[in-house]
Every structure is written in structure tokens, then in C-alpha cells.
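Quick notes on the structure that follows.
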Amino acid sequence: MKDAKVVKRDSARSDCSSAHQEADGRIVCADNLSMMATIADASIDLVYIDPPFMTNTTRVSANGQNYEDRWRGGVDEYRAFLQSRLTEIHRLLKTSGSVYVHIDPRVSHHVRLMLDEIFGVGNFLNEVIWSYRTGGVSTKWFGRKHDTILVYAKSAGSHTFNVRREGAYRTDGLKLDEEGRPFKQTKKGRLFFNADGPALTDVWEIPFLSTVSLERTGYPTQKPEALLGRIIQASSLPGDLVADFFCGSGTTLAVAKRMGRKWLGCDESEEAVKIAVGRVGQVKTKVELG
Ligand SMILES: C[S@@+](CC[C@H](N)C(=O)[O-])C[C@H]1O[C@@H](n2cnc3c(N)ncnc32)[C@H](O)[C@@H]1O
């Protein structure tokens, strides 16, 4: 696209320094490293980031602005870019806080090692696999249809975590008690299942946003609200501060606001910030997502 505006990755972009403030949240248009430097230590409860994945592609948004994910310095440049930002995120998290780093199998191994160094191996909580079905599938290898979300606590054991239960247990072949409830017979007696269903595991089947989804903003790389709903429900409490320093179209911020959390967003793209501001502006109610 000839006249598309290219979003650079350099820090200190002079054409992007606006901020949007509401009672329970803020969105800043800036390079996130310089923006994070202005925030006090241990002040954030939950950080979710969805940074570039080193795809070496340029994606064009609905209004013709480019989302540039190219790294002339290769993996070393990419690693250095993330290293400085993950180090800042570690500083900003409260003792009870967690970070969710959303990437894909192209770079997940690099990022996992970096997180091990910065957060400590003992603070690794999960490698969440977001599994989805989109487009075609190669005939040369298995279809690459998942993203990886690495989850680390600032201090494992002190971190906020709310178990989520959904779905049904496999009960085929089990005996039923007098009230029709399935149970496993153990040496200690009957073992019943939790009535609220099984606890969520680390493989999440959540549909990708379809081209006609009502959530769609036209911003490339937009993630589904259902994904952020799970993350925010699991790792924060109402009133907590949730931050996304690569906020794009503002998915995290809109969901956090709807769930009664405080929210803080940053993106270096003016277009992204404009969309995110419009999006949070449409969230009027604070309702806990199921
Ligand atoms: C993958 S997109 C995020 C999409 C977002 N999760 C959503 O649902 O819309 C990554 C975003 O990071 C932004 N970005 C890249 N480098 C940045 C930097 N140094 N500072 C701030 N934002 C940056 C890009 O402009 C882009 O909007």
C-alpha cells in the first residue's frame, strides 16, 4: 500500500505523545519503555502484553496504517527489545501480581528463557496454549493453530489466582450414588467431583475473531475479549490495576473496565490509541464476565 503510514518501533516517537484519562483508567500514546519509566515500583496487579511476534510481516489495518513486525537485527534485536520491557514489567508488578506474555511458537522459546532469568524459574506458573482454527492448514506439517501465553508471578505463592471451573467431568463407567451423583471408589471412601465442574487447565479453545465478529475494530492482530476475560478473572480482583503496554485496539482495557478493574494502556500507534479510546468509551457497565 503506497501511502500507508508505517509505525516505527523506535523509542521516543515525537508524533505520538497524547493521553486519554478516565476516572478508572488511562491510555497513553508513546513508546512503552519510556512510558513505563514514569510508573512507580510495585504499583500494578496484572500485566498482559501481546507484543510483536517477529513474524517479519507488515499487516495493514482497515484504514491503511501499517503494523510493522520486521527486525533487521534479527532475533538479537527482538530479544533486546523485549528484555528491557520485561525487566520494567517485573519492577512494576506488586508482590501479588502476575504477567501474561502472549507470543507464538516462533519466539516462545526465546521469551521463556528471558522470563526465567528476569522473574526466576520458580515464578513460572503456566504455558497457556490458546488453540484456535483459522484459514488453511499446510500439507507439509501439522497446522500451526495455537499461540502461547507465558504466565509468571512476581512471587509465586503470594500471587492472586482465582480458579475457574467450567465444562463437565468424564464420568463414563463410574458408579452413581443414591442421588445419582457419579463418584470414584477409593480406599478412603467415595470421591465426589466438585459440583461446579472441573478446574480450567492450560489449553484454551477460544475461537479467533471471525471477519464478521461484532467485536472487530479493523485493527490487525486484535485478540478476542473472551481470552482477556479469562486472564483478568483468574489473576486480578475487582478494583485491581490491569495494564497492557502493547494495547493495540484496547481489548484488555475494555474487558478490564467491564470487569470493574482499573486499567492502564500504552501503544506507540496513534491509530491503535484512537481505536482503544473509542472502545473503552463504549463500556458503560461494570459486569463480571462469566
Ligand atoms: C499484537 S498488537 C496488540 C493487539 C492487541 N492485543 C489487541 O487486542 O488489539 C501489538 C501492538 O504493540 C504496539 N507496539 C509495538 N512496539 C511498541 C512500543 N515500543 N511501544 C508501544 N507500543 C508498541 C503496536 O503498535 C501494536 O499495536
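Every number in this text was worked out from the coordinates using simple rules, so none of it is lab data. Here the structure is a predicted model, which is why all the values come from computation and not from measurement. Note that each Cβ is placed from the backbone with ideal geometry, even for glycine, and that neighbours are counted across all protein chains shown.
Can you flag which of 94/262; 140/223; 262/284 are past 19 Å Cα-Cα?
On the way: 94/262 15 Å; 140/223 27 Å; 262/284 14 Å.
Too far apart for the 19 Å limit: 140/223.
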Checklist outcome for this item: For the range 174-248, inverting the pair-averaged 1/r of distinct alpha-carbon atoms gives a Kirkwood value in Å of 16.7
Item to check | Built amide H within the under 5 Å cut-off of residue 31, gap 5+ | outcome: 12, 13
Checklist entry - Check residue 263: other-chain or 5+ apart residues with amide H under 5 Å from its amide H, H built from backbone geometry? => result 25, 26, 242
Checklist entry - So what is the diffusion coefficient of the range 40-181 in µm² per second by Stokes-Einstein at 37 °C and 0.692 mPa s, using a Kirkwood Rh over Cα pairs? => result 183
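If we count every other residue with Cβ under 13 angstrom of residue 126's Cβ, Lys/Arg +1 and Asp/Glu -1, where does the sum land? Working shown, then result.
Working: positive: 112, 164, 230; negative: 127, 202.
With Lys, Arg at +1 and Asp, Glu at -1, the neighbours total +1.
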Item to check | Average projection area in nm² (convex hull over Cα atoms of the range 104-175, one quarter of hull surface) | outcome: 8.6
Next on the checklist: Through the Karplus equation 6.51 cos²θ - 1.76 cosθ + 1.60, θ set to phi - 60°, convert the phi angles of the range 158-173 into ³J(HN,Hα) values in whole Hz; use x for Gly and Pro.
Outcome noted: 9, 7, 6, 8, 10, 5, 10, 10, 7, x, 10, 6, 7, 10, 4, x
Next on the checklist: Could you tell me which residue out of 275, 33, 229 lies farthest along the dipole of the chain toward its positive end? Charges go on the beta carbon: Lys and Arg +1, Asp and Glu -1, centred on the Cα centre.
Outcome noted: 229
Next on the checklist: Could you give each residue of the range 70-78 its phi-based ³J(HN,Hα) in whole Hz, using Karplus coefficients 6.51, -1.76, 1.60 with θ = phi - 60°, and x for Gly or Pro?
Outcome noted: 10, 10, 5, x, x, 5, 5, 5, 4
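Could you state the orientation-averaged shadow area of the convex hull built on the Cα atoms of the chain, in nm² to one decimal? All intermediate terms of the calculation are to be shown ahead of the outcome.
Values: hull surface 77.3 nm².
So the mean shadow area of the Cα hull is 19.3 nm².
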Checklist entry - Among 16-23, 46-53, 209-216, what's the highest-first ranking by average C-beta atoms within 10 angstrom per residue? => result 46-53, 16-23, 209-216
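Using the Cα centre as the reference, give the magnitude of the dipole from point charges on the C-beta atoms of the range 32-137 (Lys, Arg: +1; Asp, Glu: -1; all else neutral), rounded to the nearest 20 debye.
Numbers: 10 positive and 12 negative charges, 46 e Å.
Once rounded to the nearest 20, the dipole reads 220 debye.
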Checklist entry - How large is the charge dipole for the chain, taken about the Cα centre, if only the Cβ atoms of Lys, Arg (+1) and Asp, Glu (-1) carry charge, to the nearest 20 debye? => result 600
Checklist entry - Could you state the principal axis extents of the C-alpha atoms in the range 166-210, from the largest down, to the nearest angstrom? => result 47, 19, 18
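Report Rg/Rh for the range 143-281, rounded to two decimals, where Rg is the Cα radius of gyration and Rh the Kirkwood radius.
Values: Rg = 19.7 Å, Rh = 18.0 Å.
Reported Rg/Rh, Kirkwood definition of Rh: 1.10.
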Checklist outcome for this item: Looking only at aspartates and glutamates whose Cα falls under 15 Å of residue 154's and that sit 8 or more positions away or on another chain, we get 41, 45, 88, 116, 117
Checklist entry - For the range 198-252 and the range 129-170, what is the separation of their C-alpha centers, rounded to whole Å? => result 12
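Could the peptides 264-273, 172-181, 28-37 be put in order, highest first, of the mean number of other beta-carbon atoms found within 10 Å of their residues?
With the highest mean Cβ count within 10 Å placed first, the list reads 264-273, 28-37, 172-181.
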